[in-house]
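Q: Shown below is the structure under consideration.
The values are calculated or read from the model by the stated rules, or taken from the named source; none is laboratory data. None of these values were measured; they are calculated from a predicted model. Every residue, glycine among them, receives a Cβ derived from its backbone with ideal geometry; neighbour counts consider all protein chains shown. These area figures cover heavy atoms from the full protein model, side chains too; ligands, DNA and RNA do not enter into them. Shrake-Rupley method; radii C 1.70, N 1.55, O 1.52, S 1.80 Å.
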Amino acid sequence: MHALNRNRPLRRIVLAGAATVSGMVLLLALKPHTPDTVATAGTKSPVASAGPGPAAGSATGTTTATGNTVRTRWGPVRVRVTLKGGRLTDVTAVSYPQDNPRDQEINSYALPQLRREALAAQSARIDTVSGATYTSDGYRRSLQSALDSAGL
């Protein structure tokens, strides 16, 4: 009989337990790879000026820009911004997770809060909404890409 089996059965149990725990830690630390943004044609909308006023991106006209679609764990998030006179006047979530009742419940309170914070901050430097971490992150990244394409 093998020396571990005959003289020290507890050593074998401890080694098997340590190997199992190590394997579980490695398995739980494994994160699936997901792309940050969707790279498809048309994800960036061109900056357009409304009406015959000044050119897009100027300090006095109305400018609308749509951000990149950002893939999150629960679905894509995309934001459209409107700027007037160089100030952020409106933020609209064009797409967001809404496949099930839980997504709809979360986004019914998260999206208005994210919109208020973006308008107050006049930037994409907004706080994450508790309970809507993934949507908040996607919203913030899409908002930043929309602001970048609008020249703000």
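Q: Work through the residues other than Ala118 whose Cβ is under 13 Å from its Cβ and net out their charges, Lys, Arg +1 and Asp, Glu -1.
A: On the way: positive: Arg80, Arg87, Arg115, Arg116, Arg125, Arg140, Arg141; negative: Asp90, Glu117, Asp127.
Every neighbour counted, the sum reads +4.
Q: Which residues' amide hydrogens lie under 5 Å from the amide hydrogen of Asp90, considering only partners 5 or more residues apart or on another chain, with H built in the peptide plane?
A: Thr82
Q: Lys and Arg at +1, Asp and Glu at -1: add these up for the other residues within a Cβ distance under 10 Å of Ala93 and post the number. Walk me through the intermediate numbers first.
A: Numbers: positive: Arg78, Arg80, Arg115; negative: none.
It works out to a net charge of +3.
Q: Please work out the average accessible area per residue across the range 57-138, using the 1.4 Å probe convention, and give it in Å².
A: In whole numbers, the range 57-138 has 52 Å² accessible per residue.
Q: For labels at Gln122 and Arg11 in the simple 7 Å Cα→Cβ model, what's the distance in nm?
A: In this crude label model, Gln122 to Arg11 measures out at 7.2 nm.
Q: A follow-up question, please. Please compute the modelled spin-label separation between Asp148 and Arg87, points set 7 Å along Cα→Cβ, answer in nm with one decimal.
A: If labels sit at Arg87 and Asp148, their model points lie 2.7 nm apart.
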